[in-house]
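A.B. asks: Starting off with a structure, shown below.
The values are calculated or read from the model by the stated rules, or taken from the named source; none is laboratory data. Source: prediction; values computed, not measured. Positions of Cβ are backbone-derived with ideal geometry, glycine not excepted, and every protein chain shown enters the neighbour counts. The area values use the complete protein model at the heavy-atom level, side chains included, leaving out ligands, DNA and RNA. Shrake-Rupley method; radii C 1.70, N 1.55, O 1.52, S 1.80 Å.
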Amino acid sequence: MAYNINDACISCGACAAECPVECISAGDDKYVIDADVCIECGACAGVCPVDAPQPE
Ligand code: SF4
Ligand code: SF4
């Protein structure tokens, strides 16, 4: 289980700045979460303007 960023992402970068374990980085067309590092805190979802990070 980890959070995953869906295609709604507009690459604003807000989530990466909030992640306590720094597992979010810019990908080719959206930001991506390293599922092996994510601790499911939900901070990314809390700051995302388009609700792109979702628990999987
Ligand atoms: S749920 Fe928490 S640990 Fe996982 S990517 Fe989002 S901010 Fe980072
Ligand atoms: S906060 Fe939301 S829109 Fe912004 S980079 Fe993260 S997932 Fe994408």
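A.B. asks: Roughly speaking, what is the stretch gain from Ala8 to Asp28, that is 0.36 nm per residue apart minus the C-alpha to C-alpha distance, in nm to one decimal?
C.D. replies: 5.8 nm
A.B. asks: A follow-up question, please. Over region 3-55, with a single point scatterer placed on each C-alpha, what log10 of the ratio I(q)/I(0) does the Debye formula yield at q = 0.25 1/Å?
C.D. replies: -0.89
A.B. asks: Taking the dipole about the Cα centre of region 3-55, with the C-beta of Lys and Arg at +1 and of Asp and Glu at -1, give me whichever of Val47, Ala26, Ser11 is farthest to the positive side.
C.D. replies: Val47
A.B. asks: With a probe of 1.4 Å, find how much accessible area region 3-55 has per residue, and write the answer as a whole number in Å².
C.D. replies: For region 3-55, the solvent-accessible area averages 59 Å² per residue.
A.B. asks: Still on this structure: In whole percent, how big is the carbon plus sulfur part of the accessible area of the chain, probe 1.4 Å, protein atoms only?
C.D. replies: Summing carbon and sulfur atoms, their accessible area is 45 percent of the total for the chain.
A.B. asks: Within the chain, which cysteines find no other Cys whose Cβ is under 4.7 angstrom from their own?
C.D. replies: When partners are defined as cysteine Cβ atoms under 4.7 Å apart, the chain leaves Cys9, Cys12, Cys19, Cys23, Cys38, Cys41, Cys48 without one.
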